[in-house]
Amino acid sequence: MMTKQYGILAYPAKHSLSPVVQNAAFSYLNIDAQFGVFEIPENEFAAFMEQVRNDPISGLSVSSPYKEVIMNYMNEIDEDAKKIGAVNTVVNRGGFLYGYNTDFIGAVKALKDVLVTHSAYATCVRDKKFVIIGAGGAARAVTYGILKESGIVEIYNRTSSKAKELADYFGKMFGKNILSGDLKDMMATSGDALIQTSSIWITEPGSVIENLFPKDFVKKFKVVMDIVYKPLITPVLAAAKDYGITAISGDKMFLYQAQEQFKLWTGKEAPREVMEDTLNKILV
Ligand code: ATR
């Protein structure tokens, strides 16, 4: 048997955490597989997808900017991924490409880890109120995950029209009226958890919390989560910690979504501790 090939597909892709974590899992379970980096520019994307099918590459973790466009290359797309409108995981079954989304599962599991202290695991998201910052691809997965668990969602974004678009789309899907607005409108609300999904820390490094909202706004929440993991303690999480509010860093969602990917590719339960320990060693 040939060593199976997997990899992260993104542009840029060099700083992805996936290879280290997935290779640690393969190695721990003695699986003859290798997880690489496919840093593919957009003009080579179509040719690359042909290669995935024929060469073959057994599975992909998909990141920016390809989560949406890759859907056009799938033979079949899982129901959740279809509804979210994004695929972050590809499984190649004999030349047939299957698309999934594990981001929404990762977000929900990261939240449940802390919410479960207040109620049962199965229902700890239900009827809780989640205030989401951002209306991009990441926000779509997080919103869907929470709504699927019967949580209440509000969406706020720098550009309010995009927040409204997302609120209308998922509101219709789940038969709910979802509130939305810009970051100023957000000042009037409160909730159980605040979830930062915008790319501000990545696209504008050195940004401070005041670029999003006044620091003491976090006091209106019991839990604050940021899905960005670089830096691990974002300005929003630092503020939460200052006030003694439970903070969930982006590595949690990343790990959970990576474990779901591993399971989709190998059919085996992911070695969670091995993946977590590996991640903790490389994250600062
Ligand atoms: P992702 O897939 O990571 O969600 P995206 O789809 O490009 O990335 O979306 C980026 C999100 O971060 C958007 O909601 C964006 O707000 P706009 O819709 O107004 O562009 C938000 N964002 C990026 N930079 C931001 C900043 N400096 N302040 C506030 N929001 C920002």
Worksheet item: What number of residues in segment 119-162 are within 10 Å of the ligand (Cβ to nearest atom) and either hydrophobic (A, V, I, L, M, F, W, C) or under 17 Å from residue 253 (Cβ atoms) (or both)?
Response: 12
Worksheet item: What residue, among those in segment 204-228 that are within 12 Å of the ligand (Cβ to nearest atom), assigned to a loop (DSSP other than H, G, I, E, B) and of a type outside the set (A, V, I, L, M), is surrounded by the most Cβ atoms within 10 Å (Cβ to Cβ)?
Response: 213
Worksheet entry | Condition check for residue 190: in contact with a Phe, Trp or Tyr (Cβ under 9 Å, 6 or more places away or on another chain), away from the ligand (no atom under 11 Å from the Cβ), in a loop (DSSP other than H, G, I, E, B) and among the small types (Gly, Ala, Ser) | yes
Response to the item:
Cβ pairs under 8 Å, 6+ apart or interchain, first in segment 182-203 and within 10 Å of residue 132 (Cβ to Cβ) and at pLDDT 95 or above, second small (Gly, Ala, Ser) and more than 8 Å from the ligand (Cβ to nearest atom), ordered by first then second residue, are 195/107
Fill in: Whichever residue in segment 229-250 is assigned to a loop (DSSP other than H, G, I, E, B) and among the β-branched types (Val, Ile, Thr) and, among such residues, is surrounded by the fewest Cβ atoms within 10 Å (Cβ to Cβ)
233
Discussion item. Restricting to segment 163-183, give me the number of residues that are in a loop (DSSP other than H, G, I, E, B) and more than 12 Å from the ligand (Cβ to nearest atom).
Written reply: 4
Worksheet item: Taking residue 95 and the conditions (1) touching a helix residue (DSSP H, G or I) at 6+ places or on another chain (Cβ under 7 Å); (2) more than 28 Å from residue 165 (Cβ to Cβ); (3) at pLDDT 95 or above; (4) surrounded by fewer than 19 Cβ atoms within 10 Å (Cβ to Cβ), which numbered condition does it fall short on, given that it satisfies the others?
Response: (3)
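The values are calculated or read from the model by the stated rules, or taken from the named source; none is laboratory data. If you're wondering where the values come from, they're calculated on a predicted model, not measured in any experiment. Note that each Cβ is placed from the backbone with ideal geometry, even for glycine, and that neighbours are counted across all protein chains shown.
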